[in-house]
């Protein structure tokens with residue numbers, strides 16, 4: 001088991017509605033082009049799905065990295081609305097059923113890009129960032145030179161919004177990670193215990209919080225794991 | 001069998017485009033004699049299930065998903081239109 005420091009080699013992010021920056025790594029398009037995909041594959045993806053596929057194509061053009069994709073709710077709109085259709089005796093749409101699974105987006109990306117590496121889908125009840133970094137350490141410790149960790153989410157359907165403490169518009173972020181022991185030019189990324197004052201105000205991190213952290217605008221804290229992450233320059 | 005009207009073929013083209021979310025396809029892109037699946041339009045097996053469901057909802061036609069007969073009906077737009085003409089109940 002290694003204790004080597006994670007490094008951030010590169011990143012991409014998508015957050016429609018955010019003020020555009022002069023930074024090609026951040027997209028604020030309402031509907032991502034998903035030009036990395038043929039139209040016949042692109043048509044079934046929602047906004048986050050299209051953004052994730054574009055970000056993966058940019059960060060892993062050779063399609064040979066291990067991919068981790070975390071999402072707290074996944075495509076909740078499709079999944080939960082299908083349950084309503086079932087209770088009303090309506091037949092299920094096969095295409096929507098196929099795309100409602102948690103690994104649907106990386107699956108579509110895999111078909112389009114030819115990536116046959118390990119593709120892992122994660123949901124961690126608000127601790128997605130922590131889970132992504134833990135899983136990344138595991139793969140890197142086993143000898144992967146780098147990998148891509150993706151985090152995307154979309155709001156839950158309106159009739160479930162009441163159960164959400166912090167509903168956020170859709171956004172997505174992808175990080176290419178390595179280890180400080182490998183000869184890479186990444187920025188060291190370290191985890192630390194978060195102090196009580198920070199934990200009091202923190203909410204489970206959303207992809208938009210990771211984007212703010214990458215841009216140096218806010219700290220990144222996971223209250224349920226009582227951790228925070230520092231990105232050195 | 002009566003000749004299938006162009007109106008029905010156009011209606012089916014719209015049904016295919018809308019049901020299967022073919023975002024960059026127009027009715028003119030669908031040739032009545034070209035294969036709908038794999039080659040030609042390039043639809044896949046999930047599209048076949050989705051189209052079967054749409055035929056059931058729109059025209060009341062029930063098909064057996066695995067039969068050779070269904071394969072024939074789904075070969076191209078012309079065969080699909082002939083099926084709807086012959087078997088529609090609504």
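The values are calculated or read from the model by the stated rules, or taken from the named source; none is laboratory data. Quick caveat: nothing in here was measured; it's all calculated off a predicted structure. Note that each Cβ is placed from the backbone with ideal geometry, even for glycine, and that neighbours are counted across all protein chains shown.
Listing for the model above:
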{"quantity": "Helices (runs of 4 or more DSSP H) enclosed by chain B - at least 3 residues per element that are away from every other protein chain (no Cβ under 14 Å), out of contact with any helix residue (DSSP H, G or I) (no Cβ under 8 Å at 6 or more places or on another chain) and more than 23 Å from residue A:46 (Cβ to Cβ)", "calculated": "B:6-19, B:68-73"}
{"quantity": "Residue ID - surrounded by the fewest Cβ atoms within 10 Å (Cβ to Cβ), chosen from residues in segment A:187-218 that are more than 19 Å from the chain's Cα centre (by Cα), part of a helix (DSSP H, G or I) and touching a residue at least 24 places away in the same chain (Cβ under 8 Å)", "calculated": "A:198"}
{"quantity": "Within segment A:63-153, helices (runs of 4 or more DSSP H) holding 3 or more residues that are in contact with a strand residue (DSSP E or B) (Cβ under 9 Å, 6 or more places away or on another chain) and more than 14 Å from chain B (Cβ to nearest Cβ)", "calculated": "A:104-113, A:128-141"}
{"quantity": "Qualifying residue in segment A:27-36 (condition: under 17 Å from residue A:107 (Cβ atoms) and surrounded by fewer than 17 Cβ atoms within 10 Å (Cβ to Cβ))", "calculated": "no"}
{"quantity": "Only listed residue being closer than 16 Å to residue A:175 by Cβ, touching a residue at least 40 places away in the same chain (Cβ under 8 Å) and touching a helix residue (DSSP H, G or I) at 6+ places or on another chain (Cβ under 9 Å), chosen from A:129, A:108", "calculated": "A:129"}
{"quantity": "Number of the exception - residue A:16 against (1) surrounded by fewer than 20 Cβ atoms within 10 Å (Cβ to Cβ); (2) in a loop (DSSP other than H, G, I, E, B); (3) within 14 Å of chain B (Cβ to nearest Cβ)", "calculated": "(3)"}
{"quantity": "Hey, residue A:164 at pLDDT below 95 and in contact with a helix residue (DSSP H, G or I) (Cβ under 9 Å, 6 or more places away or on another chain) or not", "calculated": "no"}
{"quantity": "Hits in segment A:46-62 - residues which are within 14 Å of another protein chain (Cβ to nearest Cβ) and surrounded by fewer than 22 Cβ atoms within 10 Å (Cβ to Cβ)", "calculated": "A:46, A:47"}
{"quantity": "Hey, residue B:83 surrounded by 18 or more Cβ atoms within 10 Å (Cβ to Cβ) and more than 30 Å from residue A:104 (Cβ to Cβ) or not", "calculated": "yes"}
{"quantity": "Residue in segment A:89-100 that is crowded, with 20+ Cβ neighbours inside 10 Å, closer than 27 Å to residue A:44 by Cβ and without any contact (Cβ under 8 Å) to a residue 12 or more places away in the chain present", "calculated": "yes"}
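Yes/no matrix, rows are residues, columns are (1) surrounded by 15 or more Cβ atoms within 10 Å (Cβ to Cβ); (2) touching a strand residue (DSSP E or B) at 6+ places or on another chain (Cβ under 7 Å); (3) modelled with pLDDT of 95 or more:
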residue	(1), (2), (3)
B:2	no, no, no
B:6	no, no, no
B:37	yes, yes, no
B:47	yes, no, no
B:71	no, no, no
